[in-house]
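Enquirer: The structure's right below; bear with me while I get my questions together.
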Protein chains: 2
Amino acid sequence: MAILVVGSVAFDAIETPSGRRERCLGGAATHFSLAASYFTPVRVIGVVGEDFGPQEEAVFARRRIDTRGIEHVSGKSFFWSGSYMQNLNEAQTLRTDLNVFQSFSPKIPAEYQDTEFLFLANIDPVLQEDVRRKMPKVKMVCGDTMNYWIKDHAENLARVLKGLDALLINDTEAKMLAKESNLVLAADKILNMGPKALVVKHGEYGATAFFCDRTFPGEPSVCAFRAPALPLAEVVDPTGAGDSFAGGFFGYIASQPKLTPAVFRRAMFYGSVMGSFAVERFGTERLQQLDPAEIEERFALFRQLSHLD
Amino acid sequence: MAILVVGSVAFDAIETPSGRRERCLGGAATHFSLAASYFTPVRVIGVVGEDFGPQEEAVFARRRIDTRGIEHVSGKSFFWSGSYMQNLNEAQTLRTDLNVFQSFSPKIPAEYQDTEFLFLANIDPVLQEDVRRKMPKVKMVCGDTMNYWIKDHAENLARVLKGLDALLINDTEAKMLAKESNLVLAADKILNMGPKALVVKHGEYGATAFFCDRTFPGEPSVCAFRAPALPLAEVVDPTGAGDSFAGGFFGYIASQPKLTPAVFRRAMFYGSVMGSFAVERFGTERLQQLDPAEIEERFALFRQLSHLD
């Protein structure tokens, strides 16, 4: 089934110990949709400026991503500049120009109205809520957020959390959101805020899913599931790894007839697989040129890396 | 088969957010031997002072650990005092009194001479080498070390590393030893220093084993294996978690007829299992009172936590 993502489509300037790119296609919705496109049809809602041309459009088109929901307005696209020279695990933001994103008001094309899977990438929770409200046929909603919304927009974020099937954030964000330094206690608190499941991404150490009784009603209760990350000799560019994880995770779920605990576990692995590809090249370079056999090969590698038999 | 550990037997004063203990039985050899004792017979070489009495002796005796190699000398036992109030992942050492450990010269009882499995816990690499040399029948040697030996006793440590089947250290130590910030590259470098396998412990994120062609000659090459850690709502006391991991890991290997890749993978899980028990109570409290069924139950939980099917 098709998946709809609402989030940023941007240009990034990135420097890492492996090199630098002055301008590459980025944004959460871009990374997410490319990663998800290997599993299921993807639709995007976002906004871009006049600098988003045929070359950028082609990146989506080659993966058959439906971009009718990307609004083109006058001005420049969202621009972000970051450095990983000090720490590959955390970007140092050098510059953020919201540009056309500043007045982003998501509009949902009529053709998207039947979408059943919705991903709310990291944007203003007011916009996340707005999109959710306009999509009455949605059956499963996952979302992301970040420190800025957690700290300064807590009430708006709380309303979004209530409606989420899964929240995907990193360790720091989970502990900040729960105001709790132990991850298990933090997960308990967050699951009480609304999400039926919480996926915490640990960067080079993989990711953990925490479940509550409402996650799989009627299924035997499973408290948590851990997916490994692939030990990599070079992380060229960590930008978008989390969104690529989300794309692999949710894309796989949307491709399956039913969400079962086994599907959720495999989705965690596909999330980790897509994250591992994303960081191998700058920006979305790697995600643009995967073939399905590579994905299955790496999935098998993740199994070998973590399974006893 | 019996396993021999050489290392510290000590008294610890510990404070953590969960409470404090003014004096509890500790030391690397203590944690290791208790954890290993659930899998295989254990022999200990160490030194204690007059403050090590029947009560402490009983802790070993109840687990049928052979303490004939623990030398009793006049003076006080090794004493360590540490705090985890700032950071549960790293002890802040408040005080270290080497006491009788200062002039420790390992003596190997005749009854230990046939031991085939040797664990060199974190002590002066000169002593590690000395014990290794005195044990000609040993078939497999694993070892630990720490920042102090890596930084200031590099040449001595280098000689020990050459003879190791597996080195078990944490992320920080691995990166320091290899002078390399990427863990995969660090592992490559360390495997070139001698150890046939490297096990890197990630604390709350589990552990990764790195292999080289010499690890399992003739077996299909496997580059790495990751064991998860159990997400815990309370880490009462992290002291000895790494030694307990080593005890579970090496104890399981020594209990098996042959070291195969499958045995190594299960050993990683048993290591993580014993580490997860160790941190549930202060000192060795939890490791003293396990029953085998609990260990198997937790092993099953680790499988459920990490396996797709």
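The values are calculated or read from the model by the stated rules, or taken from the named source; none is laboratory data. Since the model is a prediction, treat every value here as computed from it, not as a measurement. All Cβ positions, even for glycine, are placed from backbone atoms using ideal geometry, and neighbour counts span all protein chains on display. All accessible areas refer to the heavy atoms of the entire protein, side chains included, with ligands and DNA or RNA removed. Shrake-Rupley method; radii C 1.70, N 1.55, O 1.52, S 1.80 Å.
Enquirer: In the stretch B:49-61, which residues are under 19 Å from the mean Cα position of the chain (by Cα) and more than 18 Å from B:GLU111 (Cα to Cα)?
Expert: Residue satisfying the conditions is B:VAL59 alone.
Enquirer: From (1) more than 10 Å from chain A (Cβ to nearest Cβ); (2) in contact with a helix residue (DSSP H, G or I) (Cβ under 9 Å, 6 or more places away or on another chain); (3) farther than 19 Å from B:ALA197 by Cα; (4) among the acidic types (Asp, Glu), pick out the condition that doesn't hold for B:ASP243.
Expert: Here B:ASP243 clears every test but (3).
Enquirer: Report yes if some residue within the stretch B:164-174 is within 14 Å of chain A (Cβ to nearest Cβ), more than 18 Å from the chain's Cα centre (by Cα) and open to solvent by less than 40 Å² (accessible area, probe 1.4 Å); otherwise report no.
Expert: Within the stretch B:164-174, not a single residue is within 14 Å of chain A (Cβ to nearest Cβ), more than 18 Å from the chain's Cα centre (by Cα) and open to solvent by less than 40 Å² (accessible area, probe 1.4 Å).
Enquirer: Restricting attention to the stretch B:272-284, and to residues there that are part of a helix (DSSP H, G or I) and within 13 Å of another protein chain (Cβ to nearest Cβ), which single residue is nearest to the chain's Cα centre (by Cα)?
Expert: Looking only at the stretch B:272-284, we keep the residues that are part of a helix (DSSP H, G or I), and these are B:272-278.
Right, trim to within 13 Å of another protein chain (Cβ to nearest Cβ) and you get B:272-273, B:276.
Working: B:SER272: 11, B:VAL273: 13, B:SER276: 14 Å.
The residue in question is B:SER272.
Enquirer: Take the residues of the stretch A:221-230 that are open to solvent by 30 Å² or more (accessible area, probe 1.4 Å) and within 10 Å of chain B (Cβ to nearest Cβ): which is modelled with the highest pLDDT?
Expert: First pass over the stretch A:221-230, keeping only residues open to solvent by 30 Å² or more (accessible area, probe 1.4 Å): A:221-223.
Subsequent filtering for residues that are within 10 Å of chain B (Cβ to nearest Cβ) retains A:222-223.
Details: A:VAL222: 56, A:CYS223: 84.
Top of the filtered list is A:CYS223.
Enquirer: Would the stretch B:255-266 turn up any residue that is touching a residue at least 24 places away in the same chain (Cβ under 8 Å), closer than 29 Å to B:ALA58 by Cα and within 13 Å of chain A (Cβ to nearest Cβ)?
Expert: no
Enquirer: Here are the criteria: (1) within 14 Å of another protein chain (Cβ to nearest Cβ); (2) in contact (Cβ under 8 Å) with a residue 12 or more places away in the chain. Tell me which single one B:HIS153 does not satisfy.
Expert: So the condition that B:HIS153 fails would be (1).
Enquirer: Here's another thing I want to ask about it. Among residues belonging to the stretch B:1-39 that are more than 14 Å from the chain's Cα centre (by Cα) and small (Gly, Ala, Ser), point out the one that is most open to solvent (accessible area, probe 1.4 Å). Break it down into steps so the answer makes sense when it comes.
Expert: So in the stretch B:1-39, the residues more than 14 Å from the chain's Cα centre (by Cα) come out as B:1-2, B:10-25, B:38-39.
Now restrict to residues that are small (Gly, Ala, Ser): B:2, B:10, B:13, B:18-19.
Working: B:ALA2: 20, B:ALA10: 3, B:ALA13: 12, B:SER18: 49, B:GLY19: 27 Å².
Only one residue tops the list, namely B:SER18.
Enquirer: Which of the residues belonging to the stretch A:167-207 are touching a Pro at 6+ places or on another chain (Cβ under 6 Å) and either within 18 Å of A:ASN122 (Cα to Cα) or of a type in the set (S, T, N, Q) (or both)?
Expert: Listed by number, the list holds a single entry, A:LEU167.
Enquirer: Restricting to the stretch B:154-186, name every residue that is under 24 Å from B:ALA254 (Cβ atoms), β-branched (Val, Ile, Thr) and in a helix (DSSP H, G or I).
Expert: Residue satisfying the conditions is B:VAL160 alone.
Enquirer: Another question, then. Consider the stretch B:204-220. How many of its residues are surrounded by 21 or more Cβ atoms within 10 Å (Cβ to Cβ) and within 11 Å of chain A (Cβ to nearest Cβ)?
Expert: Start the filter on the stretch B:204-220 by keeping residues that are surrounded by 21 or more Cβ atoms within 10 Å (Cβ to Cβ), which leaves B:204-211, B:215.
Subsequent filtering for residues that are within 11 Å of chain A (Cβ to nearest Cβ) retains B:204-210.
The number of residues fulfilling the criteria is 7.
Enquirer: Moving to a separate point now. If you take the residues of the stretch A:285-297 that are assigned to a helix (DSSP H, G or I) and within 19 Å of A:GLY240 (Cα to Cα), which of them is farthest from the other protein chains (Cβ to nearest Cβ)?
Expert: At the first step, the residues of the stretch A:285-297 found to be assigned to a helix (DSSP H, G or I) are A:285-288, A:292-297.
Then drop every residue that is not within 19 Å of A:GLY240 (Cα to Cα), which leaves A:285-288, A:295.
Numbers: A:GLU285: 20, A:ARG286: 18, A:LEU287: 21, A:GLN288: 25, A:ILE295: 15 Å.
Filtering first and then ranking leaves A:GLN288.
Enquirer: A further question follows. What pairs can you find where one residue is in the stretch B:190-205 and under 19 Å from A:ASP171 (Cα atoms) and touching a residue at least 40 places away in the same chain (Cβ under 8 Å), the other is open to solvent by less than 10 Å² (accessible area, probe 1.4 Å) and part of a strand (DSSP E or B), and their Cβ atoms are less than 9 Å apart, with a gap of 6+ or different chains?
Expert: B:LYS201/B:LEU168; B:LYS201/B:ILE169; B:LYS201/B:ALA207; B:LYS201/B:THR208
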